[in-house]
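The values are calculated or read from the model by the stated rules, or taken from the named source; none is laboratory data. This structure is a prediction, so every number in the text was calculated from the model and none was measured. Using ideal geometry, Cβ is built from the backbone for each residue, glycine included, and neighbour counts are taken over all protein chains shown. To get the accessible areas, we keep the full protein, side chains included, count just its heavy atoms, and leave off ligands, DNA and RNA. Shrake-Rupley method; radii C 1.70, N 1.55, O 1.52, S 1.80 Å.
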Amino acid sequence: MYPKELKKSLQKVEATREKRLGVLPKRMSAKERDEVLQQYHPDYKPEAKRKLKVGASKGAIVPHEVADLLEAYPAIRAKDIDLGKVDYETDLLIIGGGGAGTTAALYAYYNGVKPENILIATKLRHGDANTMMAQGGIQAADKPHDSPAIHYLDVIGGGHYANKPELVAKLVMDAPGIIHWHERLGVMYDKKATGEMITIHGGGTSRKRMHSAKDYTGMEIMRVIRDEARNIGLNVLEFSPAIELITDSTGRVCGAVLFNMETEQYYVVRAK
Ligand SMILES: Cc1cc2nc3c(=O)[nH]c(=O)nc-3n(C[C@H](O)[C@H](O)[C@H](O)COP(=O)(O)OP(=O)(O)OC[C@H]3O[C@@H](n4cnc5c(N)ncnc54)[C@H](O)[C@@H]3O)c2cc1C
């Protein structure tokens with residue numbers, strides 16, 4: 001069942017288990033960690049990346065796999081699509097029906113956009129997404145021993161100072177409100193008998209701020225926000241990945257071409 005290389009590795013682990021039991025490995029210094037990463041981690045190998053030639057992130061250094069995708073020839077040619085024939089007209093087109101897309105659609109609705117003016121187009125079924133697979137939990141500084149400022153420092157440090165500060169600030173400031181919103185909607189986060197939410201450590205956190213729903217946190221969140229989207233009556237086009245973005249004469253995105261995976265037809269969506 002295991003490939004040959006993995007069997008060798010397993011034998012090594014088993015042969016040294018006795019010796020390692022009860023030994024607490026020495027904590028590595030930041031320099032030692034960097035050396036190991038430079039030597040073994042694919043993200044740290046310069047030959048694993050290249051400069052992106054096109055798009056909004058042109059010039060950014062990205063893994064070859066990402067560059068190959070973004071620089072690939074389009075799946076359709078301009079002459080295959082009649083942009084004058086619009087299949088869906090909407091104010092707000094959201095591409096992707098995972099946690100981020102569904103939350104964006106719901107907040108647009110809470111902020112006054114009518115459900116009939118919101119369209120989510122997603123590749124598979126609504127909620128077939130990485131969000132569904134997140135197990136560990138979701139972090140928010142909502143306990144008295146913690147604060148968004150401490151959360152901010154943990155994220156900036158954990159991100160080796162490469163994060164965009166304004167995005168991190170938004171994330172840590174919004175997080176407690178999002179947990180309370182989830183709870184109001186019915187996400188069943190783990191709680192003590194007193195009703196207080198249980199929070200545990202996550203990687204790189206100086207405070208216990210990870211909120212979990214057993215080991216299926218993402219699935220539980222997705223279950224609830226998808227229900228909310230259905231109850232409100234948001235429009236969702238499933239099995240309809242966006243394959244091209246449509247831009248106006250100023251370069252602003254104003255729609256997308258979708259590919260219906262069931263009928264194999266293309267659809268044009270015009271958005272504001
Ligand atoms: C196994 C696993 C465990 C994880 N555990 C955790 C955890 O414990 N805690 C944590 O904070 N994070 C965790 N993560 C990361 C977290 O799940 C993701 O960062 C987060 O869910 C991303 O949400 P999203 O909505 O941006 O993307 P997704 O949930 O991936 O949603 C994107 C959606 O867009 C759709 N889509 C893609 N391309 C197109 C297209 N061209 N047109 C239309 N639709 C498209 C996809 O099908 C999908 O439905 C984990 C991830 C994985 C995979």
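Structure summary
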| item | result |
| --- | --- |
| Residue list for region 120-166, restricted to those being within 11 Å of the ligand (Cβ to nearest atom) and either modelled with pLDDT under 95 or aromatic (Phe, Trp, Tyr) (or both) | Gln135, Gly136 |
| Criterion (at positive phi and either of a type outside the set (Val, Ile, Thr) or surrounded by fewer than 19 Cβ atoms within 10 Å (Cβ to Cβ) (or both)) met by exactly one of His160, His211 | His160 |
| Residue in region 223-236 that is within 15 Å of the ligand (Cβ to nearest atom), in contact with a strand residue (DSSP E or B) (Cβ under 6 Å, 6 or more places away or on another chain), open to solvent by 20 Å² or more (accessible area, probe 1.4 Å) and more than 26 Å from Asp146 (Cβ to Cβ) present | yes |
| His201 being within 14 Å of the ligand (Cβ to nearest atom) and out of contact with any Ser or Thr (no Cβ under 9 Å at 6 or more places or on another chain) | yes |
| Cross-chain or 6+ apart pairs with Cβ under 7 Å, region 102-117 first and without any contact (Cβ under 8 Å) to a residue 40 or more places away in the chain, then charged (D, E, K, R) | Val113/Asp91; Asn117/Asp91 |
| Residue count, region 252-272 (criterion: open to solvent by less than 50 Å² (accessible area, probe 1.4 Å) and either free of Cβ contacts under 8 Å to residues at least 24 places away in the same chain or touching a helix residue (DSSP H, G or I) at 6+ places or on another chain (Cβ under 7 Å) (or both)) | 2 |
| Checking Ile198 against (1) more than 16 Å from Thr103 (Cα to Cα); (2) loosely packed, with under 12 Cβ neighbours inside 10 Å, the condition it does not meet | (2) |
| Residue check, Thr250 farther than 22 Å from Thr103 by Cα, out of contact with any His (no Cβ under 7 Å at 6 or more places or on another chain), of a type in the set (Val, Ile, Thr) and not assigned by TED's automatic domain parsing to the domain that holds Glu116 | no |
| Whichever residue in region 89-130 is β-branched (Val, Ile, Thr) and open to solvent by less than 40 Å² (accessible area, probe 1.4 Å) and, among such residues, is nearest to Trp181 (Cα to Cα) | Thr103 |
| Every residue from region 82-97 that is of a type outside the set (Val, Ile, Thr) and in a strand (DSSP E or B) | Tyr88, Glu89, Leu92, Leu93 |
| Every residue from region 144-157 that is assigned to a loop (DSSP other than H, G, I, E, B), touching a residue at least 12 places away in the same chain (Cβ under 8 Å) and either assigned by TED's automatic domain parsing to the domain that holds Asn260 or open to solvent by 30 Å² or more (accessible area, probe 1.4 Å) (or both) | His145 |
| Among residues of region 158-193, those that are touching a residue at least 24 places away in the same chain (Cβ under 8 Å) and farther than 30 Å from Asp34 by Cβ, counted | 12 |
| Filter result for Ser249 (in a loop (DSSP other than H, G, I, E, B), without any contact (Cβ under 8 Å) to a residue 60 or more places away in the chain, in contact with a Leu (Cβ under 9 Å, 6 or more places away or on another chain) and farther than 20 Å from Ala121 by Cα) | no |
| Residues satisfying the stated conditions in region 98-119, i.e. near the ligand (Cβ under 8 Å from one of its atoms), assigned to a helix (DSSP H, G or I), touching a helix residue (DSSP H, G or I) at 6+ places or on another chain (Cβ under 7 Å) and not β-branched (Val, Ile, Thr) | Gly99 |
| Hey, Gly204 touching a Gly at 6+ places or on another chain (Cβ under 6 Å), surrounded by fewer than 16 Cβ atoms within 10 Å (Cβ to Cβ) and within 24 Å of Met133 (Cβ to Cβ) or not | yes |
